[in-house]
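The values are calculated or read from the model by the stated rules, or taken from the named source; none is laboratory data. Every value quoted in this text rests on a predicted model; they were computed, and no experiment measured them. Ideal geometry is used to build each Cβ from the backbone, glycine not excepted, and the neighbour counts take in all protein chains shown. Heavy atoms of the whole protein, side chains included, go into the accessibility calculation; ligands, DNA and RNA do not. Shrake-Rupley method; radii C 1.70, N 1.55, O 1.52, S 1.80 Å.
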Amino acid sequence: MKAIVVTDEAAGTAGMTLVERPEPTAAINDVIVQIHASGFVPTETAWPSTWTDRRDRDRTPSIPGHELAGVVSALGYGTTGVSVGQRVFGLADWHRDGTLAEYVAIEARNLAPLPGDVEFTVGASLPISGLTAWQGLFDHGHLQAGQSVLAHGAAGAVGAMVTQLAREAGAYVIGTGRAADRQKALDFGAQEFVDLENDALEEVGGVDLVFDVIGGDIQKRSASLIRAGGTLVTVVGPPEARPADGLAVDFVVESDRAQLSEIVQRVRDGRLRTNIGTVATLDDAVAALNPTERIKGKTIIRVRP
Ligand SMILES: NC(=O)c1ccc[n+]([C@@H]2O[C@H](COP(=O)([O-])OP(=O)(O)OC[C@H]3O[C@@H](n4cnc5c(N)ncnc54)[C@H](OP(=O)(O)O)[C@@H]3O)[C@@H](O)[C@H]2O)c1
């Protein structure tokens, strides 16, 4: 099969190459999915799991990409819950070969049905950003209607989902980002916008939940805005700051079939809009994943035409 591989950690995404790889085989509870569309997170080449397996052994050449939408083509021993020919989407294991390929082996529990009226490119854009936003707001942030959320990077992949889901849940959302992102963040539903390069973040006053996708100084300054009993949720590593009277939580997104179904249902009925910037073929993927211009939304690779 055709696949993108990485072999050189120092080279990052510039080291991606399109090669021929053996098709994967299905282990117990696995599904083989013929991939129609794949999503990639630009920071993947910085994740240890891209380079080593769960025993920390070198697993290169590794196939990056952990989001997929496609059609089930085979089932492993004992696999239940999905059937051959079914449209699915989901989140692939961090430590196994990923989705920038024509086929992937993935545990059935990491997949959810993809309704027939949702395009594969849209399905592949949802798992990481949608589940991260959902889990950060509701499982870890325990967001309640009437609370306020500071949604960093609100025009980015995760931030756009955070902004929309928080609004739908009845929160007041202050989006942040670069100056050029203002209108996009407002279009996703932010009620206010802070340009992090030119506005004073401190002027937003107190908030109940900070959803951090940036870290560093922005995270530290945001922590001090959190009201008593509030939460800093971060997805960029262990918290570097804590609210004076609240919680700081960091987490890595997990697959969840029920949450994937909630997310795709919202896309179908118009409550949630995905944030795709570019769609490229697998043949053009290396160039598309090494852009010369600033990324404006997720890059999705259309593996099958
Ligand atoms: N732990 C987890 O489970 C998990 C899950 C998903 C994502 N993540 C991490 O979360 C981060 C964001 O992911 P993403 O896919 O949402 O990325 P993204 O689409 O690039 O969104 C990030 C947004 O924040 C903006 N931004 C970053 N630094 C900024 C700064 N200093 N000032 C103003 N705006 C800034 C970016 O603008 P520019 O593009 O101009 O920088 C972009 O619009 C990544 O580090 C990713 O690895 C973690």
Please identify every one of the trypsin sites (Lys or Arg not before Pro) in region 236-305 that sits in a loop by DSSP and has no more than 13 other beta carbons within 10 Å of its own beta carbon.
Arg271, Arg294
Sequence-distant lysines (8 or more away, or on other chains) whose Cα lies within less than 26 Å of Lys2:
Lys298
Rounded to the nearest 20 debye, what is the charge dipole size of the chain about its Cα centre when +1 sits on each Lys and Arg Cβ and -1 on each Asp and Glu Cβ?
520
How big is the dipole moment of region 199-239 about its Cα centre under a simple scheme where the beta carbon of each Lys and Arg is +1, that of each Asp and Glu is -1, and everything else is neutral? Debye, nearest 20, please.
160
About the Cα centre, and with charges only on the beta carbon of Lys, Arg (+1) and Asp, Glu (-1), how big is the dipole of region 185-296? Nearest 20 debye, please.
340
Per residue of the chain, what 222 nm ellipticity follows from adding -39500 (n - 2.57) for every DSSP H run with n ≥ 4, rounded to the nearest 500?
-5000 deg cm²/dmol
Of all accessible heavy-atom area on the chain, the percent that carbon and sulfur account for (1.4 Å):
49
Using a Förster distance of 35 Å, the FRET efficiency for Ile28-Arg273 (Cβ separation, nearest 0.05)
0.40
Run through region 135-224 and list the GluC sites (Glu not before Pro) located in a DSSP loop whose Cβ has at most 12 other Cβ atoms within 10 Å.
Glu197
Answer with one residue from Val33, Thr234, Val5: the one whose Cα lies farthest towards the positive end of the charge dipole of the chain, charges on Cβ with Lys, Arg +1 and Asp, Glu -1.
Val33
Filtered hits (aspartates and glutamates, Cα-Cα < 20 Å from Lys220, offset >= 8 within chain) -> Asp195, Glu197, Asp199, Glu202, Glu203, Asp208, Asp212, Glu240, Asp245, Asp250
Name the most mobile residue of Thr278, Thr176, Thr292, meaning the one with the largest mean-square fluctuation, in a Gaussian network model of the chain with Cα contacts below 10 Å.
Thr292
Post the alpha-carbon centroid distance, region 274-305 to region 117-196, in whole angstrom.
21
Charge context of Ile226, other residues only, Cβ under 10 angstrom, K/R +1, D/E -1:
0
Do you know the relative contact order of the chain, to the nearest whole percent, from alpha carbon pairs under 8 angstrom that are 6+ apart?
18
Please work out the average accessible area per residue across the chain, using the 1.4 Å probe convention, and give it in Å².
43
Please tell me the relative contact order of region 6-91 in percent, rounded to the nearest whole number, where contacts are Cα pairs under 8 Å and at least six residues apart.
34
Tensor-based shape of the chain (alpha-carbon gyration tensor, a/c under 1.5 rounded, otherwise prolate or oblate):
prolate
What residue among Val236, Val31, Val149 shows peak mean-square fluctuation when the chain is described by a Gaussian network model with Cα springs under 10 Å?
Val236
Of all chymotrypsin sites (Phe, Trp or Tyr not before Pro) in region 35-99, which ones are in loop regions per DSSP and have a Cβ with at most 16 other Cβ atoms within 10 Å?
Tyr77, Trp94
